[in-house]
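The values are calculated or read from the model by the stated rules, or taken from the named source; none is laboratory data. These numbers come from a predicted model, not from an experiment. Every residue, glycine as well, gets a Cβ built from its backbone with ideal geometry; the counts of neighbours run over all protein chains shown.
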C-alpha cells in the first residue's frame, strides 16, 4: 500500500479521512496494518479493534506517538486520536486519522482492495484450509513457490477474520505468490475469508472430526470447509483429497479440480515411491517429479502432495531439493541431554493429527517411545470415545509410556495397556515427566492449544540444558 495516498487508503477501506498524514508520509501510504499498539513501527497503519479486556481504539494515541503512518478507529475514538495528533510536533511524520463505524469491516475491505491491486500486477493467491495439516501444507507450498517466485505466506497463526487481512496487507507490492491459511471454527467463517482473499487456487487438505462441538457432524464440517469451493470464481483451481465422499457433493464443474492421494491410478497427484536417500517420486498428471524434501513424516509427505498440486495449478514445476522450515510447535525436533529427543508438536490437536503424530513417534524413535498427550478440545459428545481411540492407537503403535494430561485425556488410559500416568494440567505433567524419562527416550508432546503443553516442552528442554 506504500504507493497509495491517504485518500485512496480511506476509500479502499470505506473510511473517512479526518486527518491526512504529514511530513515525509504525506504522499505515501502505510507499509502494513497492525492491531497491537505495542508493535507499531514507523509507517504502520494501526487499526483499533475491540478486545477481551480493552478496546484497541483507546490506544490510538500511543500508536501515533510511536510513529504510525496513521490510525483507523471507530468514531468514538477519533476525537482522542485527533487530539493526540495535534500534540505531535509539526516535524513528526505520519498522523493520519481514519474513522469507520466498524474498524474490522474496514480492515477486511482494505485487505480485499489490496489483494485486487496485487492481482492486477499478476500476483496469484492460494487459500488453504483443512481439519489438520493446513499450516504445514502452507509452509511446504511457500517453500516450493519461493524457489520460483517472490512468495509471501501467512505468518504464525494469521488465519482468522483478523489475521488473514493482516497477512494480506503485509504482502509487498512485488509479491508474485501469496499463500494464505484459512482457519474455521464454525459455519460461515471460510466463506468470509474466501470473500476477502479471492483465491486463484484453493486447497482443502482434509476433513476430520474437529470442532464437532460446534458443528455436530463430519458432514457439517465438510460443508464449512467447502465454503472455499463455493466462494471461488469460475475457472479457478481447487485441490482436494481424491475420492473424499464428504467433499464430492460440493465440487463444481466450472472449477479446475485437482485431486491428490496415495494411488497414482486414482489421483491427479500421487506419491509413487520414497527412495532410499529420502527423495520422493510424485506422479503428477502422467509425468514424474522428483523432490528431495527435508522431512520424511508420512503425514507431511501427504501434505507435500497437496502443496505440489497447488504449485502445479500455479504453473510451477516442483523438483529438486526442498528445505521447509515448519511453523513453531509443529513437530519441532530437539536433541536434548542424555540422548533424549523432544518432538514438540503442541500447537494444537485433534484425532487426526494425534494419530499422525503417534505414527511419527512410532516410526522414528530409536529406543523407548514416550507420549505426553493432552486434552483434545471441542469434540462434543463423542469426546470420551475419541480420546479412548487415541489411547488404543498409541498402544497399537507401540508407545511404551503414556502421560495423559487433563480430564479428557484421562480417557486415553482406559484403552492403553502399557505404562501410563495421569496429570491434571501442564504444570503437573512437567513435574512428573522429569521423573519418568530415561536416557535415549523420544518424547512426543501434543495437545490442544488450550491445554498449554508448550510449558511441558519448555521445562523439559530447560532441564536438559537447551
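All conditions in (1) in contact with a strand residue (DSSP E or B) (Cβ under 8 Å, 6 or more places away or on another chain); (2) touching a residue at least 60 places away in the same chain (Cβ under 8 Å); (3) surrounded by fewer than 24 Cβ atoms within 10 Å (Cβ to Cβ) hold for residue 123, with the sole exception of (2).
Regarding residue 10, is this residue outside the structural domain of residue 167 (by TED's automatic domain parsing), over 24 Å from residue 174 (Cα atoms) and touching a residue at least 24 places away in the same chain (Cβ under 8 Å)? Lay out the reasoning, then the answer.
Working: outside the structural domain of residue 167 (by TED's automatic domain parsing): yes; over 24 Å from residue 174 (Cα atoms): no; touching a residue at least 24 places away in the same chain (Cβ under 8 Å): yes.
Taking the combined requirement at face value, the residue does not satisfy it.
What residue, of 208, 186, is under 20 Å from residue 304 (Cβ atoms) and either under 19 Å from the mean Cα position of the chain (by Cα) or assigned to a loop (DSSP other than H, G, I, E, B) (or both)? Exactly one of 208, 186 is under 20 Å from residue 304 (Cβ atoms) and either under 19 Å from the mean Cα position of the chain (by Cα) or assigned to a loop (DSSP other than H, G, I, E, B) (or both), namely 208.
Tell me which strands (runs of 3 or more DSSP E) are completely within the stretch 337-409 and hold 3 or more residues being closer than 22 Å to residue 135 by Cβ, or say none if there are none.
Working: elements: 341-344, 369-374, 401-405.
Per the criteria, 341-344, 369-374.
Candidates in the stretch 47-61 are the residues that are at pLDDT 95 or above and assigned to a loop (DSSP other than H, G, I, E, B); of these, the one that is surrounded by the most Cβ atoms within 10 Å (Cβ to Cβ) is 48.
From the list 408, 453, pick out the single residue that is outside the structural domain of residue 156 (by TED's automatic domain parsing) and under 19 Å from residue 344 (Cβ atoms).
Values: 408 fails: under 19 Å from residue 344 (Cβ atoms).
Of 408, 453, the one residue that is outside the structural domain of residue 156 (by TED's automatic domain parsing) and under 19 Å from residue 344 (Cβ atoms) is 453.
In the condition set (1) farther than 16 Å from residue 200 by Cα; (2) touching a helix residue (DSSP H, G or I) at 6+ places or on another chain (Cβ under 9 Å); (3) crowded, with 19+ Cβ neighbours inside 10 Å, residue 161 is compliant with all but (3).
Residues that are without any contact (Cβ under 8 Å) to a residue 40 or more places away in the chain and surrounded by fewer than 16 Cβ atoms within 10 Å (Cβ to Cβ) were ranked within the stretch 37-46; the one that is farthest from residue 2 (Cα to Cα) is 38. Of the residues making up the stretch 284-331, those that are in a strand (DSSP E or B) and either in contact with a strand residue (DSSP E or B) (Cβ under 7 Å, 6 or more places away or on another chain) or buried (at least 19 other Cβ atoms within 10 Å of the Cβ) (or both) are 284, 288, 289, 290, 291, 292, 293, 320, 321, 322. Of the set (1) surrounded by 14 or more Cβ atoms within 10 Å (Cβ to Cβ); (2) assigned to a helix (DSSP H, G or I), all apply to residue 18 but (2). Can we say residue 266 is within 23 Å of the chain's Cα centre (by Cα) and either over 28 Å from residue 364 (Cα atoms) or not in a loop (DSSP other than H, G, I, E, B) (or both)? No, not satisfied. Restricting to the stretch 410-425, name every residue that is at pLDDT 95 or above and either in contact with a strand residue (DSSP E or B) (Cβ under 7 Å, 6 or more places away or on another chain) or not in a helix (DSSP H, G or I) (or both). Result: 410, 412, 413, 416, 419, 420, 421, 422, 423, 424, 425. All conditions in (1) free of Cβ contacts under 8 Å to residues at least 40 places away in the same chain; (2) surrounded by fewer than 18 Cβ atoms within 10 Å (Cβ to Cβ) hold for residue 439, with the sole exception of (1). When each of 145, 195, 187 is tested for being in contact (Cβ under 8 Å) with a residue 60 or more places away in the chain and surrounded by fewer than 16 Cβ atoms within 10 Å (Cβ to Cβ), the lone residue that passes is 195. When the residues of the stretch 27-36 are filtered to those that are under 23 Å from the mean Cα position of the chain (by Cα) and without any contact (Cβ under 8 Å) to a residue 60 or more places away in the chain, the one that is nearest to residue 111 (Cα to Cα) is 31.
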